[in-house]
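Notes to accompany the following structure.
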Amino acid sequence: MKMDSLRRVVVTGIGAVTPIGLTFPEFWKNALAGKSGVGQIESFDTSEYSVTIAGEIKDFDPDNCFDKKLARRMDRFIQFAYAATLESLADSGLDLDSVDRDRAGIFIGSGIGGLKFIEEQEGVIRNQGPKKVSPFLVPMTTIDMASGQISIYLGLRGPNFAVSSACATGTNAIGLAYDYIRTGQADIMFSGGTEA
């Protein structure tokens, strides 16, 4: 593609769920103040581990973002991505009913995906047998389910892809979304990274 035919790309909405803020304004305020989100791990017993600190997301309640039935069908990493996506949508002022949803897509990546739910279901299969494993095991755990489920809920029918490149995942997803808009493969892209 010729350089003069590349389209301009702008960021119109931002959302965030982080250890220093559950919304982008809260995150940005705390980042500018130099606040650290790293502290003692509270989500599991660390007594047998040499590392006992992490940047955990605390006080996140998915019921504040979407209904309980929907939240139960999402692993925590998907809940974080969905909450940030809804915030970015609201921040943008975009009315999805007024756009071509075939030209609106989503690239959200994760390095690990639904690891906690996989661990829980491994215990279920070991203790109760395979018939007791959740039918939501795959839709709640695979890395591409953040973009997949969110695109379904928002009715986005454009490009849909999950990036998994360790610590660079979110940045790579944003770069790919930028390229898709710039080269005319999409008009609107939601992108970023998520981890639980």
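The values are calculated or read from the model by the stated rules, or taken from the named source; none is laboratory data. Since this is a predicted model, take the numbers as computed values, not measurements. Glycine also receives a Cβ, built like all others from the backbone with ideal geometry; neighbour counts cover every protein chain displayed. To get the accessible areas, we keep the full protein, side chains included, count just its heavy atoms, and leave off ligands, DNA and RNA. Shrake-Rupley method; radii C 1.70, N 1.55, O 1.52, S 1.80 Å.
Each part gets one Cα centre, and for region 22-63 versus region 121-196 those centres are 22 Å apart. Work out the FRET efficiency for V99 and D67 from their Cβ-Cβ distance, taking R0 = 30 Å, and round it to the nearest 0.05. Approximately 0.80, to the nearest 0.05. Model label points for N160 and S47, set 7 angstrom from Cα along the Cα-to-Cβ axis, are 4.5 nm apart.
Quick one: if the Förster radius is 25 Å, what FRET efficiency do F60 and K131 give, using the C-beta to C-beta distance and rounding to 0.05? Let's see the in-between values first.
Numbers: r = 32 Å, r/R0 = 1.28.
Approximately 0.20, to the nearest 0.05.
Taken along its three principal axes, the alpha carbon spread of region 1-58 comes to 59, 27, 17 Å, from the longest extent down to the shortest. To put it simply, the accessible area of the chain at a 1.4 Å probe is 55 percent carbon and sulfur.
In a solvent-free Debye calculation with one equal scatterer on each Cα, what is log10 I(q)/I(0) for region 8-107 at q = 0.10, 0.17, 0.20 Å⁻¹, listed in the order of the q values? Scattering profile of region 8-107, log10 relative to I(0): -0.38, -0.93, -1.13.
Across the chain, how many lysine pairs, 8 or more positions apart or on different chains, have C-alpha atoms separated by under 18 Å? Please give the number. Qualifying lysine pairs in the chain: 4. Here are labelled values, (1) 10.8; (2) 9.4; (3) 13.7, and one is the computed mean projected area of the Cα convex hull in nm² for what I pasted. Which one? Answer by label: (3).
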